[in-house]
Amino acid sequence: MAFNHDHILDMKQFSAEDITTILDTADSFKEISQREIKKVPALRGKTVVNLFFEASTRTRTSFEVAAKRLSADGLNIAASTSAVVKGETLEDTAQNILAMKPNIIVMRHGHSGAPHYLAERLEGVSILNAGDGCHEHPSQALLDMMTIREKLGGFEGLKVTIIGDIAHSRVARSNLIGLKTMGAEVRLAGPGTMVPREFEQLGAKVHHKIEDAIDGSDVVMMLRIQRERQGKTLIPSTREFARYYGLNPVKLKLAKPNALVMHPGPMNRGVEISSSVADGEQNVILEQVENGVAVRMALLYLVSGADGSIDG
Ligand code: CP
């Protein structure tokens, strides 16, 4: 198993072989979460710091659970309760944490490129990007890809449609890059103000009528409106957005009969997705969350350079 990455910063860094290695490793870790004793010694003696400058439910918890299941010592630092509120810079905060000799820093930040900035400046520690501004969210894309591969068997030729506020979505960008690397067709849809044509340069097909994008899809992934990243209002009203761009059972019928319905969370029911679709038979939303633990175990394991057996 060859995996030569000290940091995990974005999906651009990965070849198809890297993605396959990560997903295969995650598959083997998934079984550990189904055991009665959900713990293996693979990362015993390693320290993982979760450094979160933005709110998170799934990603932070999932990295914390993943570290614990691998027997690493994990600790969480939320910017809101740290010395950041007293004016400390990102680099000083990180250098102070580094002085305590962690092996891995998992970081979420509101500014695109913040994890890359730290990776260039800090020696002797791996940086894992847990979401940076509108840029990338690689672990989310990988757990989405694990779920798609598990359910549909692979990626080649699949039609994956991502709908919503694409312009501000790090999830959309990371999925687009990862899915294209693996041979899928990616369609992006939403209002013109939220789906710029520039995404065509990354290999996506851009649609502004979501019915055209959903038609014949294998996967429909819905995204929330990222109001916290929008400088100005990009839609006339939430009600109009829900009407034209929200996924309901009528629109979902245009996809293939067993198409997967995905959402990275947090969901806004009644806006981008109706409750009947969010809770319907085609949704795999909580399976995405379950696979998130396995993918993050795989990322922590691979980036730490561990090459022994998983069970020690
Ligand atoms: N999908 C995702 O990143 O969710 P959180 O913001 O809860 O981590």
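For region 138-154, the criterion of being away from the ligand (no atom under 14 Å from the Cβ), within 25 Å of ASP311 (Cβ to Cβ) and in the same structural domain as LEU51 (by TED's automatic domain parsing) is satisfied by no residue at all.
Here ASP24 meets each of (1) in contact with a helix residue (DSSP H, G or I) (Cβ under 6 Å, 6 or more places away or on another chain); (2) more than 16 Å from the ligand (Cβ to nearest atom) with one exception, condition (1).
Of all residues in region 72-120 being modelled with pLDDT under 95 and in contact with a Lys or Arg (Cβ under 7 Å, 6 or more places away or on another chain), which is farthest from THR59 (Cα to Cα)? Among those residues, the one meeting the criterion is GLU91.
Filter the helices (runs of 4 or more DSSP H) completely within region 230-312 down to those with at least 3 residues that are among the hydrophobic types (A, V, I, L, M, F, W, C). Break it down stepwise before answering.
Numbers: elements: 238-245, 249-252, 275-278, 285-303.
Per the criteria, 285-303.
Restricted to region 266-312, and to residues there that are among the small types (Gly, Ala, Ser) and crowded, with 17+ Cβ neighbours inside 10 Å, the residue that is farthest from the ligand (Cβ to nearest atom) is SER304. If you go through region 141-166 and keep only what is more than 19 Å from ASP10 (Cα to Cα) and not in a helix (DSSP H, G or I), you end up with GLY153, GLY154, PHE155, GLU156, GLY157, LEU158, LYS159, VAL160, THR161, ILE163, GLY164, ASP165. The condition of being under 24 Å from the mean Cα position of the chain (by Cα), surrounded by 15 or more Cβ atoms within 10 Å (Cβ to Cβ) and without any contact (Cβ under 8 Å) to a residue 24 or more places away in the chain holds for only one of VAL186, VAL195, VAL206, VAL220, that being VAL206.
Quick one: count up the residues across region 12-45 that are hydrophobic (A, V, I, L, M, F, W, C) and either closer than 19 Å to LEU176 by Cβ or in the same structural domain as ARG170 (by TED's automatic domain parsing) (or both). Before the answer, list the steps.
First pass over region 12-45, keeping only residues hydrophobic (A, V, I, L, M, F, W, C): 14, 16, 19, 22-23, 26, 29, 32, 37, 40, 42-43.
Still in the list and also either closer than 19 Å to LEU176 by Cβ or in the same structural domain as ARG170 (by TED's automatic domain parsing) (or both): 14, 16, 19, 22-23.
The number of residues fulfilling the criteria is 5.
Among the residues of region 53-65, is any in contact (Cβ under 8 Å) with a residue 12 or more places away in the chain, away from the ligand (no atom under 16 Å from the Cβ), out of contact with any Gly (no Cβ under 7 Å at 6 or more places or on another chain) and not in a loop (DSSP other than H, G, I, E, B)? No, region 53-65 contains no residue that is in contact (Cβ under 8 Å) with a residue 12 or more places away in the chain, away from the ligand (no atom under 16 Å from the Cβ), out of contact with any Gly (no Cβ under 7 Å at 6 or more places or on another chain) and not in a loop (DSSP other than H, G, I, E, B). Considering (1) of a type outside the set (Val, Ile, Thr); (2) within 24 Å of GLU136 (Cα to Cα); (3) out of contact with any Asp or Glu (no Cβ under 7 Å at 6 or more places or on another chain), the lone condition that ARG108 does not fulfil carries the number (3).
The values are calculated or read from the model by the stated rules, or taken from the named source; none is laboratory data. None of these values were measured; they are calculated from a predicted model. Please note: Cβ atoms are built from the backbone with ideal geometry, for glycine as well, and neighbour counts cover all protein chains shown.
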